[in-house]
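These notes concern the structure reproduced below.
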Amino acid sequence: MKIHKLITSSVLILLTATFTWGQSQITVDFNTSKSYGNITNLDRGKFFNMHATAKSFDKNELAYLKKLGVGFGRTFGAPTVGNKSIQGLMSKGQHMKNIEKSRNNYQKFNNTPIDFSRDLIYTSHPTSKHGRYGFEWKGINADYTKEVDYVVTEFKELYGKGDGEIPFPKYYEPLNEPFVHTKDIKGAKAKDVRLEMSRFHKALAIGLHKEVPELKVGGFSSAWPSVELWDFRHWEERMKLFMDVAGAEMDFLSYHIYDGKNVTGGDSFRTGSNAEAIMDLVDAYGAIKWGQPKPIVFSEHGMTRPDWKGAPYSELRDWKNIRSYNHQIMQFMDRPDQILKVVSFITGKAKWFKTPGNHPYPWVILKKVNGKYEWTHLIKFYEFWQGVKGNYTDIQSTDPDILTHAFVDNEKAYIALSNLEHHESKVDLNLKNLPKVKSLIIRRLFFANDKPNLETKSVSIATKKLVLRKDEAVILEYTFKNKINQNKKLQLTNYYASEYLKPIKDKKPITFEINEVKTNVERASLKLGIARQLDQSLKADLVFNGQKIDFPTDWKGYDQSDRSKTGFFGVIEVNIPREIIKENNSIELTFDENGGRVSSVKLSVLNK
């Protein structure tokens with residue numbers, strides 16, 4: 001979005017009518033592999049998952065999902081200790097009888113390939129509003145010994161690793177989106193409930209790490225990461241609180257990135273710079289607190305709106321979901337060294353969802369038509385990405401609104417592009433060290449004729465120019481005559497400033513330091529998290545190691561002009577000349593007026 005100070009809608013209409021959108025150049029070097037830390041290869045099992053288990057599907061449906069390379073991500077099957085009867089269950093041995101019954105039922109009725117469920121995330125609903133639930137309010141400084149024993153027993157005794165046994169899960173989020181349900185607990189202050197829920201996570205993690213060390217425990221699966229609200233008091237009272245109380249015991253942190261409105265909060269887009277700012281704030285504080293950021297699990301992501309539930313099936317709604325899945329997955333792929341698992345919020349048949357008009361759950365991948373189940377358009381997300389694999393490969397874009405990735409796999413290569421702009425974008429391909437091409441296939445996922453469209457066709461091997469529709473995603477699949485040997489390697493490392501969340505003062509320099517940086521630099525960029533009111537300029541005077549740097553007027557995604565209550569909160573990325581990068585670096589930012597904060601400062605360095 002090329003607007004550095006937000007403007008009124010009437011002026012925007014005029015600009016849109018008279019402005020000619022520029023051309024973007026995408027440069028790919030097929031000879032150069034890129035690693036993120038020690039991660040060199042696209043891990044499909046990390047990124048292409050759905051919010052369901054294999055038991056949601058019949059054998060034919062499972063076979064097709066397996067062909068597409070779809071993984072299963074999350075289930076509300078975790079132990080539920082949110083009831084006062086668990087002490088009786090433990091003392092009477094009834095818990096063990098229930099475990100044995102569950103195991104026998106699984107072996108009797110299991111028709112599911114076991115390997116489909118090994119990496120599941122187990123979670124539970126947080127409060128009694130949902131029936132079986134995971135947390136019982138017991139007051140301040142409660143003792144959770146009984147609850148921990150119950151959960152440990154269930155994970156130790158119920159699940160196994162052999163054929164025919166209930167698959168042992170890999171991840172455990174004790175409570176799903178708990179902090180937005182504090183109001184369900186009557187007579188308690190929300191801040192006290194948040195604190196106790198955090199202590200509950202910590203107690204569970206300590207017990208499980210001792211008795212079931214192979215299980216990764218994390219949380220708190222935040223539904224509403226509007227961290228910048230109330231001058232970052234939202235951050236202080238929620239995610240930072242959780243990190244301070246329970247974070248040291250967590251194997252991962254989890255939160256949900258949604259466009260739209262999830263449970264509570266404003267209705268806007270997180271895709272683009274806002275999502276980057278949320279992720280970088282969490283990471284920056286983790287780096288300051290523990291020396292490095294915690295691993296992340298995105299146990300839900302996509303788009304959501306409360307008014308979707310109960311509405312008739314909509315092809316337009318399917319497209320809005322697909323658009324968000326694609327844009328966000330492209331952003332998550334930039335963090336493969338930190339992200340453990342991503343679960344797109346795409347469900348199975350959701351037979352449990354009931355409405356007066358028998359309308360399907362808005363995120364189902366299969367809906368019933370004339371008594372039979374048919375795939376919704378959401379299957380196109382997985383069809384679009386089918387078979388994409390290989391080594392991360394060096395790719396650059398002159399436009400931050402064109403998200404990019406490239407992969408090389410022997411005699412194959414894939415270039416993935418996703419257009420964040422709300423208009424068409426023209427793209428020139430600059431292909432370096434391009435081997436002899438045998439064939440070129442282009443996949444296009446876009447909205448036209450009031451529905452999502454997936455188009456796949458062969459094109460000229462000389463193709464160098466593309467026009468991307470609004471929100472369109474494209475994959476160029478190259479087949480070469482010979483296997484590619486990538487002779488050059490680049491490694492991406494992120495370095496975080498030693499301070500964060502600094503207030504912006506009128507014409508007063510804000511200083512940061514980033515130290516212990518490797519200096520054999522190929523390219524580098526500075527990623528600045530900035531929070532300001534909509535009527536304030538986002539442009540700053542930037543000095544890096546004593547040299548003034550031009551400040552960009554473009555960033556990932558839209559201008560956030562609909563965020564009237566919260567203001568702009570996003571990351572603006574600034575290219576830094578490689579020759580001025582030092583082992584120890586100083587950054588100075590100066591804004592023309594008071595207000596807002598610099599939430600995070602990250603230096604991303606590609607080393608030779």
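The values are calculated or read from the model by the stated rules, or taken from the named source; none is laboratory data. Keep in mind that what you see is a predicted model, and the values were worked out from it rather than measured. Heads up, the Cβs are rebuilt from the backbone with ideal geometry, glycines too, and the neighbour counts pull from every protein chain shown. Each accessible area value is taken on the protein alone, full model and side chains, heavy atoms only, with ligands, DNA and RNA left out. Shrake-Rupley method; radii C 1.70, N 1.55, O 1.52, S 1.80 Å.
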Margin query: Quick test of your reading of the structure: Glu228 fulfils all but one of (1) without any contact (Cβ under 8 Å) to a residue 60 or more places away in the chain; (2) under 30 Å from Lys502 (Cβ atoms). Name the failing condition by number.
Written below: (1)
Next item on the list: Being part of a strand (DSSP E or B), of a type in the set (S, T, N, Q) and open to solvent by 60 Å² or more (accessible area, probe 1.4 Å) is the filter here, so list the residues in the range 443-487 that pass it.
Entry: Thr456, Ser458
Check: Looking at the range 488-575, what strands (runs of 3 or more DSSP E) fall wholly within it and have at least 3 residues that are surrounded by fewer than 17 Cβ atoms within 10 Å (Cβ to Cβ)?
Finding: 488-496
Next item on the list: Those residues that are open to solvent by less than 20 Å² (accessible area, probe 1.4 Å) and touching a residue at least 60 places away in the same chain (Cβ under 8 Å), I need them from the range 123-147; list them, please.
Entry: Thr123, Pro126, Phe135, Tyr144, Glu147
Notebook entry, point to check: Going by the conditions given, is Phe200 within 20 Å of Val297 (Cβ to Cβ), touching a strand residue (DSSP E or B) at 6+ places or on another chain (Cβ under 8 Å), of a type outside the set (S, T, N, Q) and in a helix (DSSP H, G or I)?
Noted result: no
Notebook entry, point to check: Here is a list of conditions, (1) of a type outside the set (S, T, N, Q); (2) assigned to a helix (DSSP H, G or I); (3) open to solvent by less than 10 Å² (accessible area, probe 1.4 Å), and Val297 meets all of them except one; can you say which number that is?
Noted result: (2)
Margin query: I'd like to verify a number: residues in the range 406-442 that are under 19 Å from Ser24 (Cβ atoms) and assigned to a strand (DSSP E or B), how many?
Written below: 16
Check: Restricting the range 150-204 to residues that are farther than 21 Å from Gly247 by Cβ and aromatic (Phe, Trp, Tyr), which is farthest from the chain's Cα centre (by Cα)?
Finding: Tyr150
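For the range 379-410, how many residues meet the condition of being among the small types (Gly, Ala, Ser) and touching a helix residue (DSSP H, G or I) at 6+ places or on another chain (Cβ under 9 Å)?
Total satisfying the criteria: 1.
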Check: What is the one condition in (1) within 20 Å of Lys46 (Cβ to Cβ); (2) open to solvent by 20 Å² or more (accessible area, probe 1.4 Å) that Lys372 does not satisfy?
Finding: (1)
Margin query: Just to be sure I understand the filter: pairs with C-beta atoms under 7 Å, separated by 6 or more residues or on different chains, first member in the range 452-478 and within 15 Å of Tyr414 (Cα to Cα), second member hydrophobic (A, V, I, L, M, F, W, C) and part of a loop (DSSP other than H, G, I, E, B). Which pairs pass?
Written below: Ile475/Val388
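Do we have any residue at all in the range 595-608 that's modelled with pLDDT under 95 and surrounded by fewer than 20 Cβ atoms within 10 Å (Cβ to Cβ)?
Taking the range 595-608 as the starting set, the residues that turn out to be modelled with pLDDT under 95 are 608.
Now drop any that are not surrounded by fewer than 20 Cβ atoms within 10 Å (Cβ to Cβ), which leaves 608.
Yes, there is a match, as at least one residue in the range 595-608 is modelled with pLDDT under 95 and surrounded by fewer than 20 Cβ atoms within 10 Å (Cβ to Cβ).
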Check: Restricting the search to the range 150-186, which residues are closer than 19 Å to Ile121 by Cα, of a type in the set (Asp, Glu) and open to solvent by 10 Å² or more (accessible area, probe 1.4 Å)?
Finding: Glu154, Glu157, Glu165, Glu177
Notebook entry, point to check: Within the range 229-241, is even one residue crowded, with 18+ Cβ neighbours inside 10 Å and basic (Lys, Arg)?
Noted result: yes
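If you take the residues in the range 377-405 that are part of a strand (DSSP E or B) and β-branched (Val, Ile, Thr), which one is farthest from Thr40 (Cα to Cα)? Outline the logic, then answer.
First, pick out the residues of the range 377-405 that are part of a strand (DSSP E or B): 391-397, 402-405.
Filter once more, keeping what is β-branched (Val, Ile, Thr): 393, 395, 402, 404.
Numbers: Thr393: 9, Ile395: 14, Ile402: 22, Thr404: 16 Å.
Among those that are part of a strand (DSSP E or B) and β-branched (Val, Ile, Thr), it is Ile402.
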Notebook entry, point to check: Is it the case that the range 273-281 has a residue that's in contact with a helix residue (DSSP H, G or I) (Cβ under 8 Å, 6 or more places away or on another chain) and open to solvent by 10 Å² or more (accessible area, probe 1.4 Å)?
Noted result: yes
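Does the range 300-325 hold any residues that are touching a helix residue (DSSP H, G or I) at 6+ places or on another chain (Cβ under 7 Å) and outside any strand (DSSP E or B), and which are they?
If we filter the range 300-325 for residues that are touching a helix residue (DSSP H, G or I) at 6+ places or on another chain (Cβ under 7 Å), which is where we start, we get 301-303, 308, 317, 322, 325.
Hits for the range 300-325 are Trp308, Arg317, Ile322, Tyr325.
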